[in-house]
Amino acid sequence: MTTVQRGPAEDDLPYDVFARACPSRSTLEHVTGRWGSLTLGALYEGSLRFNALRRRVDGVSEKMLSRTLQALERDGLVHREAQPTIPPRVDYELTPLGREVAERLLALIRCVEGGMDAVLEARERYDATRGAR
């Protein structure tokens, strides 16, 4: 079995996402899931109301976006600001920790987008030799 090597700075961290019971694992799931990463990336652009965020994260259902926002708020990555107006106005924005996480996610997103020509070529080669699935 292969183990992941940790750097010297990581040896001092009190959490280990590779350990089953570590609480960082659920936060990683919230951040790296499809809707979590897209929501964090969209909020990096600035504060958004629920429906504007839903339009920006194309394809997410109202229910999934609501669940995603609740999980990210619980983890301290998103701040929800409810205005006492009629109708109620609710804005979502990143916390400082959420902003840091979103910056790193956006770097990964840019890397994936930048490598898509190679990905599409690899898919074509794979499908040609193993059959499309």
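The values are calculated or read from the model by the stated rules, or taken from the named source; none is laboratory data. All figures in this text were calculated on a predicted structure; none of them were measured in a lab. With ideal geometry, Cβ positions are generated from the backbone for all residues, glycine too; neighbour counts draw on all protein chains shown. The accessibility values were calculated without ligands, DNA or RNA, using every heavy atom of the protein model including side chains. Shrake-Rupley method; radii C 1.70, N 1.55, O 1.52, S 1.80 Å.
Per-residue SASA remark: ARG49, around 100 Å² accessible (1.4 Å probe; ligands, DNA and RNA not included).
Largest first, the three principal axis extents of the alpha carbons in the chain are 60, 42, 23 Å in whole numbers. For the chain, the carbon plus sulfur part of the accessible surface works out to 53%, probe radius 1.4 Å. With the alpha-carbon atoms of region 61-116 aligned to their principal axes, the span from lowest to highest coordinate is 46, 26, 17 Å, starting with the largest. Amide H contacts of HIS79 (H built 1.01 Å from N, in plane; Pro and chain starts excluded): GLU93, LEU94, THR95 sit under 5 Å, all sequence-distant by 5 or more or on other chains. For region 3-133, a simple Cβ point-charge model (Lys and Arg +1, Asp and Glu -1, everything else neutral) yields a dipole of about 560 debye relative to the Cα centre. Applying both filters, DSSP loop and at most 16 other Cβ atoms within 10 Å, to the GluC sites (Glu not before Pro) of region 15-120 gives GLU45. Exposed loop sites were defined as chymotrypsin sites (Phe, Trp or Tyr not before Pro) in DSSP loop states (anything but H, G, I, E or B) carrying at most 15 other C-beta atoms within 10 Å; in the chain the longest segment without such a site runs 19-133. Among ARG25, ARG99, ARG80, the largest mean-square fluctuation in a Gaussian network model of the chain, built with springs joining Cα atoms closer than 10 Å, belongs to ARG25.
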